[in-house]
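Take a look at the structure below.
The values are calculated or read from the model by the stated rules, or taken from the named source; none is laboratory data. Just so we're clear, the structure is a prediction, and the values are computed from it rather than from any experiment. Note that we place each Cβ from the backbone using ideal geometry, even for glycine, and neighbour counts take in every protein chain shown.
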Amino acid sequence: MIHILAALAVLGLLIAIHETGHFLAAVGQGIRVSSFSIGLGPALVGWRRRGVQFALRAIPIGGYVAFPDSETDEETPAQDPDLFQNRPLPQRALVVAAGVLANLIFAWMALLAQGAVYGVPDGITAAAGIVVTGVSPNSPAAVAGLRPGDHVVAVNGQPLGQGDEAVKALITAVQTHPHVPLTLQLDSGGGLQERQVTPRPDEGTGRSRIGTQLQPYGTSQYRPVAGVWEWLATASRGFWAITANTLAGYGQLLTHFQATAQQLGGPVRIVEVGAQLAQQGGASLLSFTALISINLAVLNALPLPALDGGQMVLLLWEGLRGQPLPERWTLAVNRLGFALLLGLVGVLMVRDTSQLNILKSWLNS
């Protein structure tokens, strides 16, 4: 249970970091802020300080920084220069972009903290087999009952070996047996168990897959950093690698939507994966923090209504027009986008909860 709470704390912290970026960019420029909320729905805890209403809300997804305007605050003149809508476009753009920038900076800081506390990665102490780190919904692996954390040691009675060779052996077996059932032997700690999985060709690439993410079974090793340069360079390489993989994942979603949409995960899946990594130690939890922080930044940068990227598109449009957009029009677009976003999150939460394995086992233990 403590690992689930740790993952929830990380997710809440990253949302708070994102909204703090917006908040600091606003107050740092003298722009008036009316409220700062973490979560959505009714307030659980609230307080007021320096004219700003702070709140922790019941639904632990998202958050927002709100600005007063002359329509909602009768005491605020429409021409008040400290209102957000009355500030120059570059200042408003900085406020909108600050949340994404805050998440990116925090991700790099998490990787710096990993190097300072645990050192730099120094390989894996390999043992026999591979470990399943993720299972895509409705995939052959999910149908077969595989779940994150499973330790696979053999396929069709043939030992997989150790390290990267074990991963390659299983991938080769999957790719060379389309539509042919494979019997996987799992080491559960109390004896071997079997799962029968049938690879199927991917609609986007044509390669046979079972819908899992894999890594060698073993314990990650770390060594102390050799100096400041190695510390900074290792954190930076990790940051750019995660960012590149995240962008590639979103690109794959756009170009092969039908084949990859089932891999989307909502807050429930994020907590499940985070709890699993928390079990592996603080170094893995910091890697998870950096990964989710970068994903949150990229997601919010998408040019969709109600997201920061969508707000930047509206500001760009305003700049090209040379005059503000109609307020009613922008409000309608943002409300529609927000409703669609909440609907998507709700669908993902229901789907992820229905397929939850690790979380259920921990809650029942």
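Quick notes
- For the stretch 83-101, a residue qualifies if it is surrounded by 14 or more Cβ atoms within 10 Å (Cβ to Cβ) and part of a loop (DSSP other than H, G, I, E, B), and the qualifying residues are Leu83, Arg87.
- For the stretch 28-42, residues that are surrounded by fewer than 16 Cβ atoms within 10 Å (Cβ to Cβ) and closer than 17 Å to Ala16 by Cβ total 1.
- Scanning the stretch 136-152 for residues being buried (at least 19 other Cβ atoms within 10 Å of the Cβ) and part of a strand (DSSP E or B) gives a total of 1.
- Complete set of residues in the stretch 110-126 that are of a type in the set (A, V, I, L, M), buried (at least 18 other Cβ atoms within 10 Å of the Cβ) and not in a strand (DSSP E or B): Ala110, Leu111, Leu112
- Options Ala301, Ala241; residue that is surrounded by fewer than 19 Cβ atoms within 10 Å (Cβ to Cβ) and modelled with pLDDT of 85 or more: Ala241
- Among the residues of the stretch 34-79, those that are small (Gly, Ala, Ser) and either closer than 21 Å to Ile292 by Cβ or modelled with pLDDT under 85 (or both) comprise Ser37, Gly39, Gly41, Ala58, Gly62, Gly63, Ser70, Ala78.
- Subset of the stretch 175-193 [in contact with a Pro (Cβ under 6 Å, 6 or more places away or on another chain) and at pLDDT 90 or above]: none
- Residues (loosely packed, with under 13 Cβ neighbours inside 10 Å and either in a strand (DSSP E or B) or at pLDDT 80 or above (or both)) located in the stretch 194-220: Glu194, Gln196, Arg207, Thr219
- The single condition among (1) among the aliphatic types (A, V, I, L, M); (2) within 18 Å of Ser208 (Cα to Cα); (3) surrounded by fewer than 19 Cβ atoms within 10 Å (Cβ to Cβ) that Val174 does not meet is (3).
- With respect to the stated conditions, Gln162 fails to be more than 27 Å from the chain's Cα centre (by Cα), more than 23 Å from Ser284 (Cα to Cα) and either surrounded by fewer than 18 Cβ atoms within 10 Å (Cβ to Cβ) or touching a residue at least 40 places away in the same chain (Cβ under 8 Å) (or both).
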